[in-house]
Structures are given as structure tokens and as C-alpha cells.
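Participant: Input: one structure, supplied below.
The values are calculated or read from the model by the stated rules, or taken from the named source; none is laboratory data. The model shown is predicted, which means the values in this text are computed figures rather than measured ones. All Cβ positions, glycine included, derive from the backbone under ideal geometry; neighbour counts span all protein chains shown. In case anyone asks, the SASA skips ligands and DNA or RNA and just uses the protein heavy atoms, side chains included. Shrake-Rupley method; radii C 1.70, N 1.55, O 1.52, S 1.80 Å.
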Amino acid sequence: MDRPTANFDEMFTADGSVRPGYAEFCGWYDEQDPKWLQRKDAEADDSFRRTGITFNVYGEDEAEERLIPFDMVPRIITAAEWRKVTKGIEQRVSAINSLLYDLYHRQEIIRAGRIPAHLFQDNAAWLQQMVGFTPPGGIYTHIVGIDLVRTGPNEFFVLEDNARTPSGVSYMLENRETMMSMFPELFARVGVESVSNYPRRLARSLAACAPAATTGKPKVAVLTPGIFNSAYFEHAFLADQMGAELVEASDLRVVGGRVQMRTTRGFEPVDVLYRRVDDEYLDPLTFNPDSMLGVPGIMDVYRAGGITIANAPGAGVADDKAIYSFMPEIVEFYTGQKPLLPNVQTWRCADEDSLAYVLDNLAELVVKEVHGSGGYGMLIGPTSSRRELAAFRKKLTANPQNYIAQPTLSLSTCPIFTKKGLAPRHVDLRPFVLVSPDGVDITPGGLTRVALKKGSLVVNSSQGGGTKDTWVLKD
Amino acid sequence: MLGRTANGLFWMFRYLERAENTARLLDAGIRLALTRDLVTAEEEWRSVIAVTGQKRLYEANHDSYAGADAWNFILRGKDNPANVREMFGAVRQNARMARNAISGEVWEAVNESWMRLEKLLARPIGQSAVGEVVRAIRLAGTLVHGALEGSMLRNEGYHFARAGTFVERADSTARLLDIKYYLLLPSLNYVGSSLDNGQWDTVLRSVGGERAFSWLNAGRMDARAIVEFLVLDDRFPRSLAFCHGALRDHMFALARLHGADAGSNQLMREAEINISDMSVETIFEQGLHEFLVQFEKANGEIGQAIAEDYRFLA
């Protein structure tokens, strides 16, 4: 195979020996006939197409459905590594929840001078309607995705917090299903923690946040924008696996102080709504009076304790990239401890000094939009042309508060399977975190995204990234 | 279950049935055309297009009823919004919409069939390939129905799916008979004469009933027997009597599950009485066409009443 580059490789050490977590896998891999593996590789694609695990790409023909490429070499995390990571995630997720409660109540953190008030005052995700209101169970972020990157044996960093509607969990589940059906013998040989009960954990976690108005067993529904949404497959998949209804806004109506869905028997109340739509599509009465989308009056029902909305409206204020840069202070403020998982060093371009530094070093940095996501609208200095740099420089100086900058990390690599054998590619990791009054629940695994292009650092599926099965080894 | 989901299931199976029936119709047409002179063949394709309800659209864009023109129009014609490719696209779209109300096996049967048909229907279809395409469409129906029977919970979703199947099938058989009735109607006066058995055979083939019919009738072929078979014989799964019997069962199951006798059930009972009172003589006396028009109307009203009773639409 291509030898790993200067960065940390998940599978091989610098001298080319196999790391302990991968020993069993590599032993198995070396026994396999490469031709047979190639055939299996092609089979995997077929299996994804058959099950319909596709996504629609924004801006393309509605009918176009694509597969996210799947790589069959797993990303393996040892039990000890995972324990460390989960401790850090628990701490961070608890802090995010405390931050949201605080921001929408007494704002102690601002009074204490730890973060500036403009952070939320100027934030489009800030929701005045949430001020003074406590969601059922005190939970704001029921489902969180924490994006991690790794640069060394013990160096995990948080790259991004996703506190709104993180997606990708269906890939975690289907990647595992695919691996188990392709290589059952592998799972007999290696002890891998199961991820398959995630939907049950999700259902339980959501039910634990049922509102006061619930009578009997909490009724959970997944709210999707509809069949043409890029993540529709995942919405349907989760609803199906949880045994929940999959609703669109047009199925819902406020009747008698409850949000009710139109069933074949008439209107029936929904207790917990796992919404996979953005805040502004929730309630036209609150957000966008011209919009036909959403459920008129749902926010009033919410505030009166008639429904739980997961994640809470206004939770997005905690996950943009400007807030991110304050996460170390935020974690310390609410937990009284140093963050277990560090941030990536971040320059806020709104600060004059930082902006000057960023402009001077643009070619070495990664610059991101504060509210951007999906790898859109970002600059990767080292791989950009002089013209691209100049164009970005203009955008940046025109509107500096819209950007943050980070050093170009040398993300860890993990080998992918190619026709010529294993080849290292950069990866990140999104574990999926559930929060309820019963605590923080992290499924052992997650979604490993991989940049399939050699040398590329962009792992987003919208930009040609793929995914891997993620194994957490049993102790 | 959501009303919208019930609607999705109902239409998913209506479209599946429609695609399958269209394939049978084509199959019979191709066979007849092969064994006949050009004029008879064109006549047959004209009536095939008429059964699909797209005669005007076809004639607006085509000068003749050449076989390949006709089947390409029906299967994949861009100038035909009701082509089979679109129908199957609608099957899959509705299946996606009702994804959490169908089993994984049903979904995979739909999705795999759709992928196969998309490939087969991507390019114009020549004489040598059309048989395979028609067979693939029929098999898609078989596969999905099989998955439904073998893996679905017998809850309301199952009954909506089946109700969609039988409303569509009843409509399809009635429409076929109505378009072909000129073959059957005058023949009362021709009993025993050598009327074109090949064309009657085509009618039977269009509902996949040629073997069953000859088995029951020991090779006898006359209009009376064919009408009796396709309308009144409740042993044949595409006859009007069978379809309405099955539809009734599923609708009553729905009413039981919902603990209420819905308006659609009343309509169903009335329609059933109308059929069970009939003999083939009274049908011919009343006029086959008049009978079929009335049947199609009642059938359509039942479908609409189901949609209303179970809140398919907002």
C-alpha cells in the first residue's frame, strides 16, 4: 500500500507496523483474496441501492438520488480510546445544554463576562420566544452530533458541535448492517460493540422528555420536510425503526391546545416531535408569516406544555462557529472543569487582531462561515489557487464577523480499499449523543466520514466524501 | 396510521396493479399482432391504446398504429404522462412516502423492481426486447404482492394496500371489457358461428385468464361464457365479482378495526347486490356497455368514499 504520510494513521504506526486495535482485522484482511474483496466492494454498492439508502444532492434534479460511497475498511477505536472520548463528549454536551438554559434564562455567563452578549444578540438562531421558557425535562439538545478529528494517538479535537438536527445516524446503522452481511466471519473474530439498538435508545430518550400533557404512552413522531429532502431516507428509516409516525407539517394541526396528526381515525395528539426541519419551518405564526410551511400555533402549544419539540427551537444558538470558539470557557463555566476534549484553535475574524493575522496567513488556514455547514462556503488555504485566495480575501474583509479561521489540521488517515490495495485517506468522526433527564447516552460507534480523494481534507458527502463502518472494540 | 400514509399505500398498490394490467394488455396485443395481417394488427393496437385511456394523446403525436410505436408509447413515451415507467415511479414514490408503514421486504421488492425497470425502460424497446420488458413488469407485481403477503402485519395498512389493488383491478377488467364489447355484444346473434376466436382469446389473455377459461369451459369459446367468466365467476381473481368480493372483505376488515361502519361500506354493499343479482342474460338484456359503465362508476365512488372515510387528504 501507499505508506502513510506525515500525519497520524489510524491503522499503521510510522514504521509501518499495525496498531493493536487493527491487529485482528489486518490478520483477516491479509488472508483474503484481493479479487474476492473487489467483488465484495461492488456488492456493497448494490446492497445500498437495493435498500434505497440514498440522498438527494442540493441544487440537482429532484429525481437524482445518489449513494454516499461506502468504504469497507472499518475505522476501529479501542475501548480505552472510546472511554476517553465519551467522557469528553458527555462533559461538552452537558455544558451546551446548560449554556442554552442559561442564555434563555438569567444569562449568568454573560453577567460573569465570560462570553460577549453580541454572540447571541446578533445570532439568527436566537429565539426571543424561548426566553424564560424551560422545555420539558429541561432538555434543549436531545440529539447531538459532535464532530471529532484526530491528529495523534491521544489528540482528539472537537471540530464542530451539531446541536440542531444532526444527520447521518442511518449510515452508522446501515454501514454496520452491510458489513455484517458481507463479512460475518469478521464479526465472529473481532469483538465489536453493537450499534443496532440506537433507534430504541432514541425512542426511549425522546419518550423520557414527554410533556406534561401526555396521557398514557408518549406518542412520538418524526417531522420531515418531505420526500424530496436530501435526508428523507434517514427520516423514514428512523421513524420506521422507532415505530414512530413519519409526519409532514401538512399532517399536523393544532386542535384543542394539542398538536394533532390527521390519522385514519381522526386527529390524534403528538407528544414528542422529533423534528428534522429548521426552526423557521416550524410555525408560520412565529417565524415566517408568509410561509405555507410549518404548523400554525405549534409554538404556543409548546410553551403551554402541550408538546415536546426535539431539538428545542432556538438550540441552534449554541452551535455556530462563533460560539464554538468560546466552548472552552463555556465548558469551564458550567462544569467547573477544564475541557476534556479540546477545541481546534480558532481565530474570530470579528476581532481586529485576529483578522489581521488571518489575512496575513490566509494560505495556511482554513476559513469557515460562522453559520455555514456541509463544507459549503469554506476556504482551505493550502489547496487554493492564488485567485481563489484573492477572491476569498475580498469576501472576508467585506464581512469579517461572518468568518472564523483555523489552522489546517493534519487530520488522521485511515486506509480505504482501492483496486491497488489499501491507501490512506483523511477521516473524521461523528458520534451520536442522546440527552434526556436520565442522562447522556452515547452509542459506541458513530459515523466515520472519509475524504476519498487522495490528500483531500474535505469529508462532507456533498463534496465527494464517503463513509466507513466505525467499530468500538469490546474490552 | 396517518391519513396521508393510508393514501400512499392505497395508491402505491393501485399503480402497481395498473402497471401489471398494462403489461398483460401489451402481452396479448403483441401476440395477436404477430399472428395477424397488418390491418388487424393496427386495429388491435388501436384498441390497446384505447384501453389505456390515451387514444387522443397518442393520435395527436403518431400517424399510425405501428406496434413498436404503440408499445413504446405505453411503456415509456415521453408524450404519455401515464406510461408504465411513470406508473412504476409512482409506485416507488408512494412506497417511499409510506415507508414506515410497509415492511422492509416490501420496500426492497419495490425498489429492486424499480431499478430493474428503470434500466429496461431507459431506451426505446425493439421487437426482440419487448417480451422481456413485459415479463419484468408482471414479475415486479408478483414480487411485491408476495412480499406483502409474506411479511406485512395484517393491520389497516395491509387492508388499504389490498383495497387499492382490487379497486384498480376491477376498474381495469371492466374497462377492458367495455372497450372490447363490440367483439362480444353482437355475438349473441352469432352463437355457434365462426366469429374470430383469436380476438376473444386476446380478451382473455389481457387478464391472464385464457388457460383458466378453457379449463373451465372445455375449449368452448363464446361471448356468453366469456362475459360470465370475467364478470360473474368469483373463482377467477380478475373477474369483477372476485374483485368486489375481495374489496368487500378488506373494507369490512377496516371497518372492524376502526369499530365503525363507514359510508364506503354502504356503497360497497349496494354495488355487491347489483352484481350478485345479475345473470349473464340480464347483463346482455340491459346492455353490456350500460352495465359496465354503471359498474365503473360505482367502483370509482367506492374508491373516493374510502379516501373520505379514512381521511386520506387534508
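Participant: Quick check on the stretch A:135-245: take the gyration tensor over C-alpha atoms, sort the square-rooted eigenvalues as a ≥ b ≥ c, and tell me if it's rounded (a/c under 1.5), prolate or oblate. Mind showing how you got there, number by number?
Facilitator: On the way: a/c = 1.79, a/b = 1.39, b/c = 1.29.
Since a/c reaches 1.5 and a/b is larger than b/c, the shape of the stretch A:135-245 is classed as prolate.
Participant: Using the alpha-carbon centroid of each, what span in Å lies between the stretch A:1-53 and the stretch A:428-475?
Facilitator: Taking the Cα centre of each part, the stretch A:1-53 and the stretch A:428-475 sit 17 Å apart.
Participant: Give the ranking of B:Trp11, B:Trp107, A:Trp347 by solvent-accessible surface, highest area first, calculated with a 1.4 Å probe. Write down the numbers at each step before the final one.
Facilitator: Working: B:Trp11 75, B:Trp107 10, A:Trp347 40 Å².
Per-residue accessible area, sorted high to low, gives B:Trp11, A:Trp347, B:Trp107.
Participant: Using alpha carbon centroids, what distance separates the stretch B:78-127 and the stretch A:322-349, in Å?
Facilitator: About 50 Å separates the Cα centre of the stretch B:78-127 from the one of the stretch A:322-349.
Participant: List the accessible area buried at the contact between B and A, summed over both sides and calculated with a 1.4 Å probe, in Å² to the nearest 100. List each step's numbers first, then the result.
Facilitator: On the way: alone 14460 and 20800 Å², together 32900 Å².
The summed interface area works out to 2400 Å².
Participant: Please compute the per residue accessible area over the stretch A:6-158 with all protein chains in place, 1.4 Å probe, rounded to a whole number of Å².
Facilitator: Numbers: 6690 Å² over 153 residues.
For the stretch A:6-158, the solvent-accessible area averages 44 Å² per residue.
Participant: Given the protein assembly as shown, what percent of its DSSP beta bridges are antiparallel, to the nearest 5? Working shown, then result.
Facilitator: Details: 50 of 67 bridges.
Antiparallel: roughly 75 percent of the beta bridges in the protein assembly as shown.
Participant: Still on this structure, please answer the following. For the stretch A:341-398, what is one quarter of the convex hull surface built on the Cα atoms, given in nm²? All intermediate terms of the calculation are to be shown ahead of the outcome.
Facilitator: Working: hull surface 18.2 nm².
Result: 4.6 nm².
Participant: Here is a follow-up. Taking every pair of alpha-carbon atoms in the stretch B:201-314, give the share separated by more than 19 Å as a whole percent. The partial results should precede the final answer.
Facilitator: On the way: 3287 of 6441 pairs.
That fraction is 51 percent.
Participant: Please list log₁₀ I(q)/I(0) at q = 0.14, 0.15, 0.22 Å⁻¹ for the stretch A:177-242, using the Debye equation with identical point scatterers on the alpha-carbon positions.
Facilitator: -0.63, -0.69, -0.98
Participant: Rg and Dmax in Å for the stretch A:180-312, alpha carbons only: what are they?
Facilitator: 17.2, 58
Participant: With the Cα gyration tensor of the stretch B:111-181 giving a ≥ b ≥ c as the square roots of its eigenvalues, does the rule (a/c under 1.5 for rounded; else a/b larger than b/c for prolate; else oblate) give rounded, prolate or oblate? Walk me through the numbers before you get to the answer.
Facilitator: Working: a/c = 3.08, a/b = 1.24, b/c = 2.48.
Oblate, because a/c is 1.5 or more while a/b does not exceed b/c.
Participant: At 1.4 Å probe size, what's the solvent-accessible area of A:Asp353? Round to the nearest 10 Å².
Facilitator: 130 Å²
Participant: For the stretch A:241-385, report the translational diffusion coefficient in µm²/s to the nearest whole number, using Stokes-Einstein at 25 °C, 0.890 mPa s, and a Kirkwood Rh over Cα pairs.
Facilitator: On the way: Rh = 18.8 Å.
Calculated translational D: 131 µm²/s.
Participant: Expressed as a rounded percentage, what relative contact order does the stretch A:273-350 have, with Cα pairs under 8 Å and six or more residues apart? Please report the intermediate quantities before stating the final value.
Facilitator: Details: 66 pairs, mean separation 16.0, N = 78.
Answer for the stretch A:273-350 is 20 percent.
Participant: Before anything else, pin down the relative contact order of the stretch A:315-472: Cα pairs under 8 Å, at least 6 apart, normalised by residue count, whole percent. Don't jump to the answer; show the numbers that get you there.
Facilitator: On the way: 252 pairs, mean separation 25.7, N = 158.
For the stretch A:315-472, the relative contact order is 16 percent.
Participant: Before rounding to the nearest 500, sum -39500 (n - 2.57) across all DSSP H runs of length at least 4 in chain A and divide by the residue total; then give [θ] at 222 nm in deg cm²/dmol. It would help to have the intermediate numbers written out before the result.
Facilitator: On the way: 14 runs with 142 residues, N = 475.
After summing the helix terms and dividing by the residues of chain A, the value is -9000 deg cm²/dmol.
Participant: Beyond 21 Å between alpha-carbons counts as too far, so tell me which of A:Lys40/A:Lys419; A:Lys321/A:Lys395; B:Lys78/B:Lys119; A:Lys394/A:Lys453; A:Lys338/A:Lys468 fall in that bin.
Facilitator: Working: A:Lys40/A:Lys419 12 Å; A:Lys321/A:Lys395 17 Å; B:Lys78/B:Lys119 16 Å; A:Lys394/A:Lys453 29 Å; A:Lys338/A:Lys468 32 Å.
Long pairs (Cα-Cα over 21 Å): A:Lys394/A:Lys453; A:Lys338/A:Lys468.
Participant: Here's another thing I want to ask about it. 222 nm [θ] for chain B, helices only, -39500 (n - 2.57) per DSSP H run of 4+, per residue, to 500?
Facilitator: -24500 deg cm²/dmol
Participant: With charges only on Cβ, +1 for K and R and -1 for D and E, what is the dipole size of the stretch B:79-182 about its Cα centre, in debye, rounded to 20?
Facilitator: Numbers: 14 positive and 12 negative charges, 25 e Å.
Dipole of the stretch B:79-182, to the nearest 20 debye: 120 debye.
Participant: I've got another one for you. Viscosity 1.002 mPa s, temperature 20 °C: give me the Stokes-Einstein translational D for the stretch A:347-466 in µm²/s, with Rh taken as the Kirkwood radius over C-alpha pairs. Provide the component values of the computation, followed by the final result.
Facilitator: Working: Rh = 16.2 Å.
Approximately 132 µm²/s, per Stokes-Einstein.
Participant: Report the GluC sites (Glu not before Pro) located in the stretch A:136-205 that are in a DSSP loop and have at most 16 other Cβ atoms inside 10 Å of their Cβ, or state none.
Facilitator: A:Glu193
Participant: As a test question: what accessible area, to the nearest 10 Å², does A:Asp251 have when a 1.4 Å probe is rolled over all protein chains in place?
Facilitator: 0 Å²
Participant: State whether the stretch A:19-164 is rounded, prolate or oblate according to the following rule on the C-alpha gyration tensor (a ≥ b ≥ c being the square roots of its eigenvalues): a/c under 1.5 gives rounded; otherwise a/b larger than b/c gives prolate, and the remaining case gives oblate.
Facilitator: On the way: a/c = 3.31, a/b = 1.72, b/c = 1.92.
Cα axes put the stretch A:19-164 in the oblate bin.
Participant: Tell me, what is the percent relative contact order of the stretch A:406-475, built from C-alpha pairs under 8 Å that lie six or more residues apart? Mind dumping the intermediate values first?
Facilitator: Working: 120 pairs, mean separation 16.9, N = 70.
Taking the mean separation of contacting Cα pairs over the length of the stretch A:406-475, I get 24 percent.
Participant: Oh, and also: In whole Å, how far is the Cα centre of the stretch B:1-70 from that of the stretch A:179-204?
Facilitator: What the calculation gives is 47 Å, centre to centre.
Participant: If I model a spin label at B:Glu290 and A:Ala79 as a point 7 Å from the Cα along the Cα→Cβ vector, what separation in nanometres do I get?
Facilitator: Taking the two extended label points, one gets 8.4 nm.
Participant: Separate question: P(r) of chain B in 20 Å steps, Cα pairs, percent per bin?
Facilitator: Taking all Cα pairs of chain B, the binned fractions are 32, 58, 9 percent.
Participant: Kirkwood Rh, Cα Rg: Rg to Rh for the protein assembly as shown? Mind dumping the intermediate values first?
Facilitator: Working: Rg = 31.3 Å, Rh = 29.8 Å.
Checking Rg against Rh, the ratio lands at 1.05.
Participant: Could you run the Debye sum over the Cα atoms of the stretch B:209-267, one equal point scatterer each and no solvent, and tell me log10 of I(q)/I(0) at q = 0.19, 0.22, 0.28 Å⁻¹, two decimals?
Facilitator: The calculated log intensity ratios at q = 0.19, 0.22, 0.28 Å⁻¹ are -0.68, -0.79, -1.06.
Participant: Within 10 Å, at most 14 other Cβ atoms, and a DSSP state outside H, G, I, E, B define an exposed site. Report the longest part of chain B free of exposed trypsin sites (Lys or Arg not before Pro). Could you put the intermediate results ahead of the total?
Facilitator: Values: sites that count: B:Lys78, B:Arg154, B:Arg220, B:Arg235.
Formally, the longest exposed-site-free interval is B:236-314.
Participant: So, with +1 on the Cβ of K and R and -1 on the Cβ of D and E, and no other charges, what is the size of the charge dipole of chain A about its Cα centre, to the nearest 20 debye? Walk me through the numbers before you get to the answer.
Facilitator: Numbers: 50 positive and 60 negative charges, 63 e Å.
That gives chain A a dipole magnitude of about 300 debye.
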